[in-house]
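Shown next, in structure tokens, is the structure this report addresses.
The values are calculated or read from the model by the stated rules, or taken from the named source; none is laboratory data. The structure displayed is predicted, hence computed values, not measured ones. We place every Cβ from the backbone using ideal geometry, glycine too, and count neighbours over all the protein chains shown. Just the protein is used for accessible areas: all its heavy atoms, side chains included, with ligands, DNA and RNA removed. Shrake-Rupley method; radii C 1.70, N 1.55, O 1.52, S 1.80 Å.
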Amino acid sequence: MSYTRLGRTGLSVSRLCLGTMNFGDRTPEPDAHAILDSAHEHGINLIDTADVYGWTMTKGLTEEIIGRWFAQGGGRRERTVLATKVYGTMPDLGRENWPNSGRLSALHIRRGVEASLRRLNTDYIDLYQMHHIDRRTPWEEIWQAMEVLVAQGKILYVGSSNFAGWHLATAQAAAERRGLFGLVSEQSVYNLLERAVESDLIPSATHHGLGLLPYSPLSGGLLGGILRRTAEGGRRADPALRQKIESVREQLTAYEALAAELGHAPGELALAWLLHQPAVTAPVVGPGTRAHLDAALAALTIELEGPVLDRLDEIFPRRLEAPECYAW
């Protein structure tokens, strides 16, 4: 495993981030614990979750599963850079949709971090991420709440998720006015099929010294060899998925052919491409099994030369940075 700094911080994180959204929903707790142990065995130290994960069963379940894994000891918590998120409505903070049980008010941030700490069985969170932008709460209120949590030692760094480039700029300007370090990372959807963040989000993150943690690196499985699997039939061949495939079939056909030519599994190639993007700190991989994790780890060994990267840009055209993408 290789490591890099998270944005402009001095914090070292692995080049892959273990996403845990499947834990509890699709992956039973014993299997989730085995995946977490395997991640540590392979040197992955950055583990990402959110307070709302487990939502198809019980919101907060995923954090509880991680908390019970930490409780096993053996340095599990100490070796982990723990990232979780706040924003979504949490029924354990009151009735579902009860006022102030969601978004980014100072009240919800305070309640949210306390609840996450209990579920995670820890006394601090390394990276506390705002899961979405809150357009109705002023940044002065948000940063005051985060400043208190840092001073209390309950969180160390603040990150964002699903922000736009101008949101990052606004957040950083507000933090600077308070003399704060501000955001250190942004988590956005980014893959060969979904490159919109290249226009303004990535330039803004780079300018402000934020690490980029791309989620959905395989675009919901479309970049994982979907054409071969759907040809074989099975549950992946449902009508909604077929419609999505048909919209990008030409690109996927060329992509899977290139992967075969290079001797790589399509999913490995998609992850390797992200690892070759200068702004990317660590793609967030969400394995449902240990086999899925092993497949993701294989991408770390792939070196892509310039001609191959150019061919991928031909198949999946890159986005120009703003304002070049629409003006001069």
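Using the Cβ-Cβ distance between GLU250 and LEU304 with R0 = 22 Å, the FRET efficiency computed as 1/(1 + (r/R0)^6) comes to roughly 0.50. The range 31-64 and the range 254-284 have their alpha-carbon centroids 24 Å apart. Sequentially through the range 146-157, phi angles give Karplus couplings (6.51, -1.76, 1.60; θ = phi - 60°) of 5, 4, 5, 5, 5, 4, 7, x, 7, 9, 10, 10 Hz, Gly and Pro residues having no value and appearing as x. With a cut-off of 11 Å on the backbone N, the residues of the range 279-299 near the modelled label site 7 Å out from ARG26 along Cα-Cβ are 286-289, 292. Of the residues CYS325, CYS17, ranked by 1.4 Å probe accessible area with the largest first, the sequence reads CYS325, CYS17. Paramagnetic label reach from ARG79 (point 7 Å along Cα→Cβ; backbone nitrogen cut-off under 19 Å): within the range 6-23, residues 12-20. Net length available on complete extension from TRP55 to SER2 is 15.8 nm, with 0.36 nm assigned per residue and the Cα-Cα distance removed.
For the range 170-278, what does the alpha-carbon gyration tensor say about shape, rounded, prolate or oblate, given a ≥ b ≥ c as the root eigenvalues, a/c under 1.5 as rounded, and a/b over b/c as prolate? Please list the in-between numbers first.
On the way: a/c = 3.38, a/b = 2.38, b/c = 1.42.
Prolate.
Modelled spin labels at ALA240 and HIS276, positioned 7 Å past Cα toward Cβ, are 3.3 nm from each other. Were the residues from GLU232 through SER12 laid out at 0.36 nm apart, the gain over their Cα-Cα distance would be 75.0 nm. The long axis of helix 29-41 is offset from the longest Cα principal axis of the chain by roughly 80 degrees.
If packing is taken as the mean number of other Cβ atoms within 10 Å per residue, what is the order of 72-85, 186-199, highest first? It would help to have the intermediate numbers written out before the result.
Values: 72-85: 17.4, 186-199: 21.5.
Ranking the peptides 72-85, 186-199 by packing returns 186-199, 72-85.
Note on ALA322 and HIS207: their simple-model spin labels are 0.9 nm apart, each label 7 Å out from Cα toward Cβ.
Taking a point 7 Å out from the Cα of SER38 in the direction of its Cβ, the residues of the range 266-290 whose backbone N falls within less than 13 Å of it are 286-290. In this label model, GLN72 and ASP123 are separated by 2.4 nm, measuring between points 7 Å along each Cα→Cβ vector.
The angle between the Cα long axis of helix 61-70 and the main principal axis of the chain comes to about 80°, on a 0 to 90 degree scale. Taking Cα centre as origin and charging only the Cβ of basic (Lys, Arg, +1) and acidic (Asp, Glu, -1) residues, the dipole magnitude of the range 157-287 rounds to 300 debye. Placing SER219, SER12 in order of accessible area, with the largest value first and a 1.4 Å probe, yields SER12, SER219.
Taking Rh as the Kirkwood radius computed over C-alpha pairs, what is the Stokes-Einstein D of the range 260-328 at 10 °C in a medium of viscosity 1.306 mPa s, expressed in µm² per second? Could the numbers behind the result be given before it?
Numbers: Rh = 13.7 Å.
So the translational diffusion coefficient is about 116 µm²/s.
In the range 277-327, taking the dipole from charged Cβ atoms about the Cα centre, the farthest positive-side position among LEU320, ALA291, THR281 is held by ALA291.
With charges set only on the Cβ (+1 for Lys and Arg, -1 for Asp and Glu), what does the dipole of the chain come to about its Cα centre, in debye to the nearest 20?
780 debye
For the chain, what is the calculated [θ] at 222 nm in deg cm²/dmol (nearest 500), taking -39500 (n - 2.57) for each run of four or more DSSP H residues and dividing by its residue count? -12000 deg cm²/dmol, from helical runs alone.
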